[in-house]
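Colleague: My questions all concern the structure below.
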Amino acid sequence: MFNRLVVLAFVTVFALGGTHSASADPTKCKQGIAKASAKYVQGRTKVFQKCEGAKAKGQLTPATVCASDAKTVTIVAVLDGKLAASIAKACGGNDKTCGTVDDDPLASIQWGGITTCPDFESLGCTNPITNCTGISTCIRCIDAAAVDQAITLYYGAMVTSEFGTSSAVNKCQQAIGKSTTKFLSARSKALQKCWDGRLKAAHANPCPTPGDGKAGPSIAKADAKKISTICKACGGSDKLC
């Protein structure tokens with residue numbers, strides 16, 4: 001599962017580094033990239049969990065493809081736009097537009113040697129990167145692929161004949177899907193805060209461990225809550241796994 005939760009770390013690896021004089025505020029740009037990525041991961045996770053959760057509850061048919069669901073598609077389009085706008089605002093200079101002369105130079109934000117998006121498990125995230133538009137396209141593609149794989153892991157193997165029955169199995173299904181997506185979002189938030197602290201020079205550690213001293217415990221707490229919720233719903237009469 002953790003292979004599908006690495007996307008924020010991927011983004012911040014390229015966002016981190018020392019401040020350079022080539023740009024007015026490359027730190028602001030790097031912070032903006034990491035924050036925008038985290039928000040996108042959390043937003044996409046939430047909208048797909050709602051759709052898959054509605055299927056498990058019997059509110060949508062089991063055959064519903066969430067990636068094509070009208071409500072889901074509309075919200076994802078808004079998230080896509082916010083991601084691009086946030087990165088342009090942080091990295092696009094005074095005009096807050098990527099691709100113009102006052103952009104933060106890619107080298108100043110540690111993206112200078114990346115001419116092509118490095119992809120995620122050969123899923124086609126290979127767009128060219130010549131300015132911050134390419135960065136937002138790359139991040140959107142990789143974040144989306146990682147979240148979609150996680151959602152498939154959480155919901156894809158469920159027995160659809162139980163959907164909407166409110167049976168013990170169905171309650172277990174719902175708990176698995178909801179608690180794991182909550183954990184994914186909590187982990188994303190903790191990592192983003194930790195990396196942001198490093199960018200602000202509050203610490204110089206890799207995240208989450210030792211990180212800022214908060215991310216690790218926060219993730220561990222979220223993981224324990226996830227396990228407890230699943231065991232309570234799926235562990236039978238003693239509520240133990």
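Rundown of residues vs (1) at pLDDT 95 or above; (2) at positive phi, yes/no style:
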residue: Lys200; (1), (2): no, no
residue: Gly213; (1), (2): yes, yes
residue: Ile219; (1), (2): yes, no
residue: Lys232; (1), (2): yes, no
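Colleague: Here's another thing I want to ask about it. Before we move on, is Gly113 over 20 Å from the mean Cα position of the chain (by Cα) and surrounded by 14 or more Cβ atoms within 10 Å (Cβ to Cβ)?
Modeller: On the way: over 20 Å from the mean Cα position of the chain (by Cα): yes; surrounded by 14 or more Cβ atoms within 10 Å (Cβ to Cβ): no.
No, not satisfied.
Colleague: Would you mind stating whether Ser228 is in a helix (DSSP H, G or I), more than 24 Å from Gly53 (Cβ to Cβ) and open to solvent by 30 Å² or more (accessible area, probe 1.4 Å)? Spell out the reasoning first.
Modeller: Details: in a helix (DSSP H, G or I): yes; more than 24 Å from Gly53 (Cβ to Cβ): no; open to solvent by 30 Å² or more (accessible area, probe 1.4 Å): yes.
The answer is no for Ser228.
Colleague: Same structure again: Quick one: in the range 45-88, of everything that is open to solvent by less than 60 Å² (accessible area, probe 1.4 Å) and either in a loop (DSSP other than H, G, I, E, B) or in contact with a Pro (Cβ under 8 Å, 6 or more places away or on another chain) (or both), which residue is nearest to Ala186 (Cα to Cα)?
Modeller: Ranking the qualifying residues of the range 45-88, first place goes to Lys55.
Colleague: Quickly run through the range 166-204 and pick out the residues that are closer than 21 Å to Gly236 by Cβ and open to solvent by 70 Å² or more (accessible area, probe 1.4 Å).
Modeller: Step one: filter the range 166-204 for residues closer than 21 Å to Gly236 by Cβ, giving 166-180.
Within the range 166-204, Ser166, Ala168, Val169, Lys171, Lys178 qualify.
The values are calculated or read from the model by the stated rules, or taken from the named source; none is laboratory data. In this text, all values refer to a predicted model and were calculated from it rather than measured experimentally. So basically every Cβ, Gly included, is an ideal-geometry build from the backbone, and we count neighbours across all protein chains shown. Heads up: the accessible areas ignore ligands, DNA and RNA and are worked out on the full protein's heavy atoms, side chains in. Shrake-Rupley method; radii C 1.70, N 1.55, O 1.52, S 1.80 Å.
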